[in-house]
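Q: This structure is in structure tokens; I'll ask about it shortly.
The values are calculated or read from the model by the stated rules, or taken from the named source; none is laboratory data. Because the structure is predicted, anything quoted here is derived from the model rather than measured. All Cβ positions, even for glycine, are placed from backbone atoms using ideal geometry, and neighbour counts span all protein chains on display. For the accessible areas, the whole protein counts, side chains as well, though only heavy atoms, and no ligand, DNA or RNA atoms are used. Shrake-Rupley method; radii C 1.70, N 1.55, O 1.52, S 1.80 Å.
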Amino acid sequence: MSTNTENKLTAKDFSSDQDVRWCPGCGDYSILKQVQTILPELGLKREEIVFISGIGCSSRFPYYLNTFGMHSIHGRAPSIASGLKVANPNLSVWVITGDGDALSIGGNHLIHLLRRNFDMNVLLFNNEIYGLTKGQYSPTSPEGKVTKSTPMGSVDHPFNPLALAAGADSTFIARAMDRDPVHLREILLEASRHKGTSLLEIYQNCNVFNDGAFSPFTDKQSKADNTIFLEHGKPCVYGKDGNKGLKLDGAQPVVVDLSSGDNSLEDLWVHDKYDRFKSGVLMRCFDTPMPDRESLPRPFGVFYQEDRPCYEDLLQEQIQVSVQRKGQGDLDKLLKGTNTWEIA
Amino acid sequence: MEPTNSKTALQAKEERKDVTILFAGDSGDGIQLTGSQFSNTSALFGNDISTFPNFPAEIRAPQGTIAGVSGFQLNFGSVELFTPGDLCDVLVVMNAAALKANLHNLKLGRTIIANSAGFDKRNLSLAGYIDGNNPLSDGSLGKYRVIEIDITKLTREALKETSLGTKEKDRSKNMFVLGFLYWMYNRKMEPTERFIQEKFAGHPELIEANIAVLKAGYHYGDTSETFTTRYEVKPAPLPSGVYRNIMGNQAIAIGLIAACQKAGLSLFYGSYPITPASDILHELARHKNFNVRSFQAEDEIAAITSAIGASFAGNVGITASSGPGIALKGEALGLACMLELPLVIINVQRGGPSTGLPTKTEQADLLQAVYGRNGEAPIPVIAPSSPRDCFSMAFEAVRIAVEHMTPVFLLSDGYLANGAEPWRFPKSTDLGTIKAPIRKQNPKDDWQPYTRDERGVREWVLPGTEGMEHRIGGLEKEDGSGNISYDPENHQKMVDLRADKVARIADFIPAQEVDQGESSAALCILSWGSTYGAIKTAVRELRAEGQDVAHIHLRYLNPFPKNTGQLLRSFGKIMVPELNKGQLVKMVRSEFLVDAKPLTKVKGLPFTATEIKESALKALQS
Ligand code: SF4
């Protein structure tokens, strides 16, 4: 990828001439805006960026960006992007997907993409519902969710997408939300800078079919006490006045009250995004906030990051080694094979 | 060296035009190697050959049982050959199970060469001979000529001076058989001696042992009193040139590489392991120095969609599978058709439906290839006729895909995939060029991604091309711009444009030829795919017998060559043999309104020339 410093592009340069057609108030608008805002920061030319999506509301995304793009078929964006990256490793590749697209119909492709670690970014818009098909429960909907297809409540146990990504050995695992644009931009930039497959789950409000699914984490009144924003190398502090913290008791995360005087900042868990085991504990902080009892806060930010060779680089290396060993392919030699005879 | 023995001169030599040998034994008996050595030696000698291996379906079937029998059929001759032969003239069996499994493949009155050591009590019971009845001695083989040799004992005998253990000694008993057959058919041993020296380089004791047993087999024929006839199969009048042996799957892989080289594009191969297509993946993975990117995907869907992604970025995306895997790729094929990107899909057909008969051959996926997608999604379909034709048609598949910006189906099958024949391979400079419609620069401000040329083909603009950013997708697109469009008139137009583009490929493929016979013949046999050899053989014989029969073999199935209808209408009767329940016959009847009649077979086996002949004679009389 070449960097483009002379004429810095702006967010406007990245918006296409197509009318954006999500429902008014949909969380997708904010995500589109933040992506358009950070793209000029990457120092890339428009033509070097490719957005690949599957099917679902979020998958309309590529049409609204003035880059190369493909709105493909349900669940298959990760494998289309894999082939694309193998064919041209110089492109900046972004996969746009949703909870149904990535975790249900395309679940197999997502886990294999993550283990192979192609250098690309996966933005997983999680709204815990099927929006485009008008309101069925999704693989991230909570148990008991009443929807058109589950009038008596869902009996499916939902996925924890980040724990799933960790299970597939993803090398970059992060979470953000549509309602916190500043944090979203910051994490988008971190994801884009990571060399390897970055999985960013974005909580996205579907105000038509699942309004308020994330309100305990996004609403002004409840956000501070129900969320924790992770920062690498910093103690895990949260709460309205920074009065709460997380401590590790063995392998168990425990909420401590900093105002009581029993615990100080030094006692808190310091987030280390390179620690595979501890980051796993954070991914398991997946409580549903309840008014009547204390629950663990839902973490946001970069949970885990790791340096691991990328598939496309390893493949290119093999091609080079093969050329070194056998020489650049000679078609006549190939046609001839090793055993010939002549008929006069 | 060929030993000269006074007796040799006395023994009779009978001339044969062509001979079919079936080698059969346990998977561990070295059957494939014996067969391929005899084939190579015969090819070097100048015979035409055609071979087909037959592996047991289970990887490690129990020794001595019918399920564990492996076979190798070889047809060699002084005339041009088009099949590995219907029934065999010589059946070589290493044990009782091999005899039981294959006796029905032997012509009456012809020869069985049996390793008597493989007919002991244990082997007889494993093969299911009731009460240990030995067919070699109970008179049940009276209609055949049986040459019984204790190959195991003679092999051990030949190696008694060596330090090898019994197990190692027994391993070279296939060389005894080979030596004996070389004597029987007057073949030189040098090519196999050279092969042994290369194969066991660094192990002089093994080289010595294998050559000793090979010679022992040869001498046994020479000195044994039991046997007096030797045969001669003269070289075939093949066109002069340099030849190699080629198997169908291997030919496909080489054809794909050659075409991508000619197009100046990298080859991306996305595939998921499946029988009988996996050998294409294995072959391609060995040729990374041709810039081949082989990708073993997590499933069939990822195999094809990764290929679509690679095509979007400017590689030639290719995927292959067999029946059930192709079914999984259906949705992505529709996408490729909608996007109008090059893509090659190879279906190495096998017995179906569902898992069906994975190691057996069938042609029952033709309608699936031509029609099997949601919506109006026409895709060109082509099919090779022989193992070596797999090269040409793989090359064609890439050419059509790239030059016409479309997915292309290549329909091979299990019979072609594993069959082998000599190939007078081309020089790279003899191959045609392939011109990809890639646009690297923005020609004018109002360039659009779905603007078409006079052939109805759009341009291929790769991500990375400055000023030409655009979005493509599976939703119906507006003519020209490619933007999403739900407009009824536009949908009609786009469906028509895509169909028209594929139909117009007929202008860029060769006219249909009549393979044999007159275009006014009383009966035309119309075929496609791997049945070519059997039908060609049958039609040759029928014509030699004075029958008014013609043969047309289609390699382009969608679109058909432009003159196909006109040709077909000129015949009195049309018979369409297929290894399915009648698929091409439906297509030609609906397309050309001709009264074509089916001849179908779905046994997992190819047609024999005899079956075709008999049906043709019946059709002529009806
Ligand atoms: S249905 Fe929901 S997710 Fe889809 S566009 Fe409307 S608000 Fe957004």
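Q: Taking H as built 1.01 Å from N, whose amide H comes closer than 5 Å to the amide H of B:Asp413, not counting residues under 5 places away?
A: Placed amide hydrogens put B:Gln349 under 5 Å from B:Asp413.
Q: How tilted is helix B:532-544 with respect to the longest principal axis of chain B? Cα atoms for both, answer in degrees (0 to 90, nearest 10).
A: 70 degrees
Q: Accessible surface of B:Asp487 in the full protein assembly, 1.4 angstrom probe, to the nearest 10 Å²?
A: Per-residue accessible area (B:Asp487): approximately 70 Å².
Q: Further question on the same structure: I'd like the Karplus ³J(HN,Hα) series for the range B:371-387: coefficients 6.51, -1.76, 1.60, θ = phi - 60°, whole numbers in Hz, and an x wherever there's a Gly or Pro.
A: 10, x, 9, 6, x, 7, 10, x, 9, x, 10, 10, 8, x, 10, 7, x
Q: Convert each backbone phi in the range B:115-132 into a coupling constant with the Karplus relation 6.51 cos²θ - 1.76 cosθ + 1.60 (shift: θ = phi - 60°), then list the ³J(HN,Hα) values in order as whole Hz, x for Gly and Pro.
A: 7, 5, 5, x, 10, 6, 3, 4, 5, 5, 6, 4, 7, x, 7, 5, 6, x
Q: Assuming a ≥ b ≥ c are the square roots of the Cα gyration tensor eigenvalues, decide whether chain A counts as rounded (a/c under 1.5), prolate (otherwise, with a/b larger than b/c) or oblate.
A: It is prolate, given that a/c is not under 1.5 and a/b is the larger ratio.
Q: Per residue of the range B:560-571, what does 6.51 cos²θ - 1.76 cosθ + 1.60 with θ = phi - 60° give for ³J(HN,Hα)? Whole Hz please, x for Gly and Pro, Karplus curve as stated.
A: Result, ordered by residue: 6, x, 4, 8, 4, x, 4, 4, 4, 5, 7, 9 Hz.
Q: How high is the relative contact order of chain B? Use alpha-carbon pairs under 8 Å, at least six apart in sequence, and give a whole percent.
A: 11 percent
Q: Moving to a separate point now. Would you mind checking which residues have amide H under 5 Å from A:Leu132's amide H? H placed 1.01 Å from N; only 5 or more apart, or other chain.
A: Placed amide hydrogens put A:Cys57 under 5 Å from A:Leu132.
Q: Per residue, how much accessible area does chain A have with a 1.4 Å probe, in Å²?
A: Heavy-atom accessible area per residue stands at 43 Å².
Q: Just to be sure I understand: of the beta bridges DSSP finds with both ends in the range A:222-344, what percent are antiparallel, rounded to 5?
A: Beta bridges within the range A:222-344, antiparallel portion: roughly 75 percent.
Q: For chain B, take the longest principal axis of its alpha carbons; what is the angle in degrees between that and the long axis of helix B:488-503, to the nearest 10 within 0 to 90?
A: Value to nearest ten degrees: 40.
Q: Is the shape of the range B:8-231 rounded, prolate or oblate, going by the alpha carbon gyration tensor and its root eigenvalues a ≥ b ≥ c, with a/c under 1.5 for rounded and a/b larger than b/c for prolate?
A: rounded
Q: Sticking with this structure for a sec: In deg cm²/dmol and to the nearest 500, what is the mean residue ellipticity at 222 nm of chain A if only DSSP H runs of at least 4 residues count, each as -39500 (n - 2.57), divided by the residue total?
A: -7500 deg cm²/dmol
Q: Still on this structure, please answer the following. Within the range A:11-213, what whole-number % of the accessible surface is contributed by carbon and sulfur, with the 1.4 Å probe and all protein chains included in the calculation?
A: Percent of accessible area from carbon and sulfur atoms in the range A:11-213: 52.
Q: While we're here: Working from Cα positions, state the angle (0 to 90°, nearest 10) between the long axis of helix B:248-263 and the longest principal axis of chain B.
A: Approximately 40 degrees, to the nearest 10.
Q: Right, next: Could you work out [θ]222 nm for chain B from helices alone, using -39500 (n - 2.57) per DSSP H run of at least four and dividing by all its residues? Round to the nearest 500 deg cm²/dmol.
A: Calculated mean residue ellipticity at 222 nm is -10500 deg cm²/dmol.
Q: Quick one: of B:Lys107/B:Lys562; B:Lys435/B:Lys597; A:Lys134/B:Lys329, which pairs are farther than 32 Å apart, Cα to Cα?
A: B:Lys107/B:Lys562; B:Lys435/B:Lys597
Q: Between chains A and B, what is the buried accessible area in Å², counting both sides, with a 1.4 Å probe and ligands, DNA and RNA left out, to the nearest 100?
A: Interface between A and B: roughly 5300 Å².
Q: Per 20 Å bin, what is the whole-percent P(r) computed from every C-alpha pair distance within the protein assembly as shown?
A: Using 20 Å bins, I get a P(r) of 13, 36, 29, 18, 4, 0 for the protein assembly as shown.
Q: Using a probe of 1.4 angstrom, how much of the accessible area of chain B is carbon and sulfur, in percent? Let's see the in-between values first.
A: Details: 12170 of 24220 Å².
That share works out to 50 percent.
Q: Post the alpha-carbon centroid distance, the range A:240-284 to the range A:286-344, in whole angstrom.
A: Cα centroid to Cα centroid, the span is 36 Å.
Q: Another one. I need to check one value: relative contact order of the range A:137-179, counting alpha carbon pairs closer than 8 Å and at least 6 residues apart, in percent.
A: 29 percent
Q: Which order do the peptides A:204-216, B:312-324, A:306-318, A:121-133 take when ranked by the mean count of other beta-carbon atoms within 10 Å per residue, highest first?
A: Top of the packing list down: B:312-324, A:121-133, A:204-216, A:306-318.
Q: Given H placed 1.01 Å from N in the peptide plane, which residues other than close sequence neighbours of B:Ile525 have an amide H under 5 Å from its amide H?
A: B:Ala550, B:His551, B:Ile552, B:Met575
Q: Tell me, what is the per residue accessible area of the range B:125-186 in Å², probe radius 1.4 Å? Display every interim value, and only then the final one.
A: Values: 3160 Å² over 62 residues.
So the range B:125-186 comes to 51 Å² accessible per residue, rounded to a whole number.
Q: Using unit Cβ charges (K, R positive; D, E negative) and no other charged atoms, how large, in debye to the nearest 20, is the dipole of the protein assembly as shown about its Cα centre?
A: 1960 debye
Q: Of A:Lys8/A:Lys33; A:Lys45/A:Lys223; B:Lys100/B:Lys536; B:Lys501/B:Lys601, which sit over 26 Å apart, Cα to Cα?
A: A:Lys45/A:Lys223; B:Lys100/B:Lys536; B:Lys501/B:Lys601
Q: What relative contact order, as a whole-number percentage, does chain A give when Cα pairs under 8 Å and 6 or more residues apart are counted?
A: Computed over chain A, the figure is 14 percent.
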